[in-house]
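Enquirer: Structure incoming, see below.
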Amino acid sequence: MTCLFSKCAFPLQCDPYIKISLGKKSIEDRDNYLPNTTNPVFGRMFEMSCFLPQDKDLKISVYDYDLLTRDEKVGETVIDLENRFLSRFGSYCGLPQTYCISGINQWRDHLKPSQILQNLARLKGVPPPRLEDDGKALSFNGTQYTLAQFEASKEIHQHLGPADERISLHVLRTHGLVPEHVETRTLFSSFQPQLSQGCLQMWVDVFPKNMGLPGPPFDIVPRKAKKYFLRAVVWNTSDVILDETSITGERMSDIYVKGWMPGMEEDKQKTDVHYRSLDGDGNFNWRFVFGFEYLPAEQLCLVSKKEHFWSLDKTEFRIPPKLIVQIWDNDKFSLDDYLGTVELDLRKLTPPAKVSKTCNLSMMEEVMDARPHKSDLANSLFAQKSVRGWWPCVTEQDGKKVLGGKVEMTLEIVSEKEVDEKPAGKGRDEPNMNPKLDFPKRPDTSFFWFTNPCKTLKFIVWRRFKWLFIGLILLILVLLFVGILLYSLPNYISMKIVKPFK
């Protein structure tokens, strides 16, 4: 007897694991409990031997793991194996859609489809099936079947078995036998026998030992997440809101860019500061590097972290792969000012603008669905691998969405295998390559005034009040000349009157 458990669903969060009892035998899978979940995916397979009808009741229980106290039973379900094995509907092993002799869907029953069909004819008291046309046609119970009726496609892949077995399987599926399926069983508790405690998705195969070993079971182990790295190079910003007024009365912003992936907020990264941007332009040449676990089939990120500092185990979350980029105004003596944000779904990336002038809010107006469609695969960053351009950042003013700025970035997805081939450090740190990022060429006015008093006098005070200073200097010179003149005039007049040297 083989049991395969795919997943489960509970009304309350717990640390579930499986316990199986059959006669006097039991299997307790306590070491493989799944922490902090209401929808665990077990992906476990168990094999047990038994004697029918003595050990006919298979009891499957789900327990909640507790470290310090006794484990609590969530619920259980009971399956009558004898009823399944003796059923005339063949419920001991479901019929698959195709007969494969290799691959992941390899036939696992003791009997081949032709043998099962002969047993069905014997059970119904009809003549045995008769194959015709080299196994491509079959006559059974007065009905003629051809392989072309069931297999419209002419392509035969390498895993399919011979034609006579395939047509026998197709005929079996038309006579009410149990097809291969995942059954959903309700879990009940003895304390509240009428109230569902959750559902268990699974199936059971029963095979007699005297017929030898059955085929290999399905591999339902949960998919392993693949390691990827998102590299986002922030090149420039443009048309950023000028949020501050300088001491000279100019509108300006000290711009920096912050980025992170949802679910991994502890790995927020930000660029250095472009000080005193007077036109909304910022230059950075700064690289963000985010590592994440990704499930390609589900197109979701797998995030594991503790919900609370006192949690014993990490909780797994599956969230869409997105990048959030924000533009901020740096303030040294108060809280930084938020200027705008853009949220990019890596599965269906909004195509960027090639130049800053064509970048606008209408690019982001498309509604983001919960799941990407096949038509979105062309825009997936996982398919494109790398893309560069301008994206608009949105902010709200008076309840309306307005443009808070534009950011030019290069987004690149790198697999774990490619990291060693294409190394790159965060920011402008080593290894500074792929691509190499030089320090940006910023205007001379871009500096922090508090730490550069000489530059402050040269590029801020002098540039802004140059003519005022020149006027003051000329005025001072004129006043000095007038003062000296007034001081010397009485003495000069008296000397003219007295004329002491004559």
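The values are calculated or read from the model by the stated rules, or taken from the named source; none is laboratory data. Computed from a predicted structure; not experimentally measured. With ideal geometry, Cβ positions are generated from the backbone for all residues, glycine too; neighbour counts draw on all protein chains shown. Note: accessible area is taken over every heavy atom of the protein model, side chains too, but ligands, DNA and RNA are not part of it. Shrake-Rupley method; radii C 1.70, N 1.55, O 1.52, S 1.80 Å.
Enquirer: Relative to the longest principal Cα axis of the chain, at what angle does helix 113-124 sit, 0 to 90 degrees, rounded to 10?
Expert: Its long axis makes an angle of about 50 degrees.
Enquirer: Taking the Cβ-Cβ separation of residue 155 and residue 32 as r and a Förster radius of 51 Å, what is the calculated FRET efficiency to the nearest 0.05?
Expert: E(calc), rounded to 0.05, equals 0.80.
Enquirer: Hey, another quick one. Rank-order 475-484, 22-31, 254-263 by packing density, defined as the average count of other C-beta atoms within 10 Å over each peptide's residues, highest first.
Expert: Listed from highest to lowest mean packing, they are 254-263, 22-31, 475-484.
Enquirer: Solvent-accessible area per residue for the chain at a 1.4 Å probe radius, Å²?
Expert: Dividing the accessible area of the chain by its residue count gives 59 Å².
Enquirer: Would you mind checking the pairs 401/426; 19/227; 73/314; 401/441 and listing those with alpha carbons more than 26 angstrom apart?
Expert: Over 26 Å apart, Cα to Cα: 401/426; 19/227; 401/441.
Enquirer: Round to the nearest 10 and give me the degree value, 0 to 90, for the angle of helix 462-498's Cα axis relative to the longest principal axis of the chain.
Expert: Its long axis makes an angle of about 10 degrees.
Enquirer: Students often check this: by mean Cβ neighbours within 10 Å, which of 275-281, 45-51 ranks highest, and how do the rest follow?
Expert: Descending mean neighbour count gives 275-281, 45-51.
Enquirer: Of the labelled options (1) 37, 32, 27; (2) 41, 31, 23; (3) 80, 27, 17, which one gives semi-axes √(5λ) of the Cα gyration tensor in Å as computed for this structure?
Expert: (3)
Enquirer: Mind checking the full-extension length gain between residue 364 and residue 51? Use 0.36 nm per residue of separation minus the Cα-Cα distance, one decimal, nm.
Expert: Result for the pair: 106.2 nm of gain on full extension.
Enquirer: Right, here's the next one. Determine the distance separating the Cα centre of the range 115-187 from the Cα centre of the range 300-371; give it in Å without decimals.
Expert: Cα centroid to Cα centroid, the span is 53 Å.
Enquirer: Suppose R0 equals 51 Å. What FRET efficiency, 1/(1 + (r/R0)^6) with r the Cβ-Cβ distance, do residue 495 and residue 250 give to the nearest 0.05?
Expert: With a Förster radius of 51 Å, E is 0.40.
Enquirer: If you don't mind, there's one more thing I want to ask. Which of the GluC sites (Glu not before Pro) found in the range 408-445 are in a DSSP loop and have at most 15 neighbouring Cβ atoms, other than their own, within 10 Å?
Expert: 421
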